[in-house]
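All remarks here apply to the structure that follows.
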Amino acid sequence: METPSTVQISGTTAAEIADSVRALVERGELGPGDLLPPVRTLAERLGVNRNTAVAAYRRLARDGAVVAQGRAGTRIAGRQQTAQEGFAAADALAGLRSDTPAGMLGDLGSGNPDPALIPDLAPALAGAVGRPVLYGEPVIDPGFEAWARDWVAPDVPTGTAADLTLTSGAVDAIERLLAQALVRDDAVALEDPCFLASIQTVRHAGYRTLPVPVDDEGMTAGGLRAALEAGARAVVLTPRAQNPTGASLSARRAEELRAVLAEHPYVLVVLDDYYSFLSRRPFRSPLPPGHRRWALVRSVSKFLGPDLCLAVLATDPETAGRLALRLSSGTTWVSHLLQRLAHGVLADEAARARIEQAAAHYAARNAEVAALLAARGLDAPAADGMSLWVPLPRPATEVAAALARRGWLVRTGDEFRLAPEGEPSRHLRVTAHGLTGEDAERLADDLLAAIAEVC
């Protein structure tokens, strides 16, 4: 479709032009599939530099408002389902085998923990119920605060004062941390491929994304340096069990990152150590001594269950002070009932043993499935985390569709990429820790057959 003749895009800056297009969409004057004017045409019509029109279209593409199609032009985007953790949409179902109902797909894309390995919360419930907590009281329950300080103390930067804050999970923590430090169009350095929730948080807030490649040792130092030189005001980094790759910082890589960050002491560095107790890798901090703005985030969701929305933040005092303005006592704090419940479970030896059992199970199952794939010529290293990051000889979407026809639902690496206009991903993220030995064998055989089908 062409741009409706009655539509008048206006503005003299990139921000104004982008806002004008958004307003036209909101009023229904532009709809999904409508073709926007070519950059040159729009620039001449508005009397602006061509680069201004380019920047406006880039803003709209970054926010998901338009889709750039090269020589085919730029069109208004349709409503798209946003990829989200815990739910893998069955986009490949159109090619599903007729005798495989959608509900019978083996879901290896959710990234969820095994519910059978989450500690029973019931024994701690009675202890969580105490006297009512009223407005104006401390945000952190005293018992949980003491436990949480011991949890993070060994891993905060040396020679740095640390303050404690609580949020409703790691995603909430990262959103609040970025909001207290950045404004719209500020740049954030993110791992590429990246955790889905971080992509959504940055996109919805209107920050600019600067992708930093991830290899087997974690975020690359050269990529981080390039992002900082390009103006990144914040960095979100996973020190271990990076999602989706499973990479953890090596000692060498952590030292390289410290050297880079030492030149940028006021950049906010957010360490999302979401896997913590479940990780089989040591925690290695990339923060240099004396770094001025930082946060260590640890959530309980992966080992106590996603419904227990609670994350502990250790931060520098200035960042803690800014966060306090957004976590008012009795209004936006984390429920003391949740805090007491989490504390009761984590202080229980049986529950901690259950968490350790879960950690060993996830690591062992990943290693077993990786070995099955290796025996069939597929090198998928058993890194850390809930899932395997499986490299492919063909685009992941093709292999995923062929797997769906065999009854398996997986995630392609395309969902985790920050620059979707690049080459198609050749990775699958496969959460296989719930498979029995027989099912794991069948998955390995089906994956090999799926690759052969599309090659």
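The values are calculated or read from the model by the stated rules, or taken from the named source; none is laboratory data. Keep in mind that what you see is a predicted model, and the values were worked out from it rather than measured. Neighbour counts are summed over all protein chains in view; Cβ atoms, including those assigned to glycine, are modelled from backbone coordinates with ideal geometry. Protein only, heavy atoms only, side chains kept; ligands, DNA and RNA dropped before computing areas. Shrake-Rupley method; radii C 1.70, N 1.55, O 1.52, S 1.80 Å.
Across segment 112-127, the qualifying residues are those that are open to solvent by 80 Å² or more (accessible area, probe 1.4 Å) and not hydrophobic (A, V, I, L, M, F, W, C), and the one among them that is nearest to Tyr362 (Cα to Cα) is Pro115. For segment 1-13, a residue qualifies if it is surrounded by 15 or more Cβ atoms within 10 Å (Cβ to Cβ) and either modelled with pLDDT of 90 or more or over 18 Å from Ala77 (Cβ atoms) (or both), and the qualifying residues are Ile9, Gly11.
Considering segment 280-306, the residues that are of a type in the set (Ser, Thr, Tyr) and within 17 Å of the chain's Cα centre (by Cα) include one that is surrounded by the fewest Cβ atoms within 10 Å (Cβ to Cβ), namely Ser301.
Filtered by the rule that a residue be in a helix (DSSP H, G or I) and either touching a residue at least 40 places away in the same chain (Cβ under 8 Å) or acidic (Asp, Glu) (or both), segment 9-36 gives Ala14, Ala15, Glu16, Ala18, Asp19, Val21, Arg22, Val25, Glu26. Look at (1) without any contact (Cβ under 8 Å) to a residue 12 or more places away in the chain; (2) open to solvent by less than 20 Å² (accessible area, probe 1.4 Å) and you find that Val270 fails only one, number (1).
Among the residues making up segment 385-413, a single one is surrounded by fewer than 20 Cβ atoms within 10 Å (Cβ to Cβ) and within 29 Å of Pro282 (Cα to Cα): Pro391. Taking the stated definitions as given, is Leu403 closer than 23 Å to Asp445 by Cβ, in contact (Cβ under 8 Å) with a residue 40 or more places away in the chain and in a helix (DSSP H, G or I)? For Leu403, the condition - closer than 23 Å to Asp445 by Cβ, in contact (Cβ under 8 Å) with a residue 40 or more places away in the chain and in a helix (DSSP H, G or I) - is met. What about Ala444, is it closer than 29 Å to Lys302 by Cα and at pLDDT 95 or above? Judged against the criteria, Ala444 is a match.
Among residues of segment 37-49 that are polar (S, T, N, Q), none has a beta-carbon under 9 Å from a residue that is assigned to a loop (DSSP other than H, G, I, E, B) at least six positions away or on a different chain. What about Ala72, is it buried (at least 18 other Cβ atoms within 10 Å of the Cβ) and modelled with pLDDT under 90? So Ala72 does not fit the description; no. Note on segment 43-69: residues that are at pLDDT 90 or above, assigned to a loop (DSSP other than H, G, I, E, B) and surrounded by 15 or more Cβ atoms within 10 Å (Cβ to Cβ) amount to 1.
Answer yes or no as to whether Glu438 is at pLDDT below 95, more than 28 Å from Gln357 (Cα to Cα), open to solvent by 10 Å² or more (accessible area, probe 1.4 Å) and of a type outside the set (Lys, Arg). Answer is no for this residue. Within segment 175-194, not a single residue is of a type in the set (Lys, Arg) and modelled with pLDDT of 95 or more. Residue selection: Ala363 fails the criterion of being open to solvent by less than 10 Å² (accessible area, probe 1.4 Å), part of a helix (DSSP H, G or I) and under 25 Å from Val171 (Cβ atoms). Looking at the structure I just gave you, is Val152 under 25 Å from Ala314 (Cβ atoms), part of a loop (DSSP other than H, G, I, E, B) and either modelled with pLDDT of 90 or more or among the hydrophobic types (A, V, I, L, M, F, W, C) (or both)? It is false that Val152 is under 25 Å from Ala314 (Cβ atoms), part of a loop (DSSP other than H, G, I, E, B) and either modelled with pLDDT of 90 or more or among the hydrophobic types (A, V, I, L, M, F, W, C) (or both).
Taken over segment 283-307, residues that are in a loop (DSSP other than H, G, I, E, B) and touching a residue at least 24 places away in the same chain (Cβ under 8 Å) amount to 14. For segment 335-359, filtered to residues that are among the small types (Gly, Ala, Ser), touching a residue at least 60 places away in the same chain (Cβ under 8 Å) and assigned to a helix (DSSP H, G or I), the residue that is surrounded by the fewest Cβ atoms within 10 Å (Cβ to Cβ) is Ala350. When Ala432, Ala382, Ala444, Ala449 are checked against the criterion of being part of a helix (DSSP H, G or I), touching a helix residue (DSSP H, G or I) at 6+ places or on another chain (Cβ under 9 Å) and crowded, with 19+ Cβ neighbours inside 10 Å, Ala444 stands alone in meeting it.
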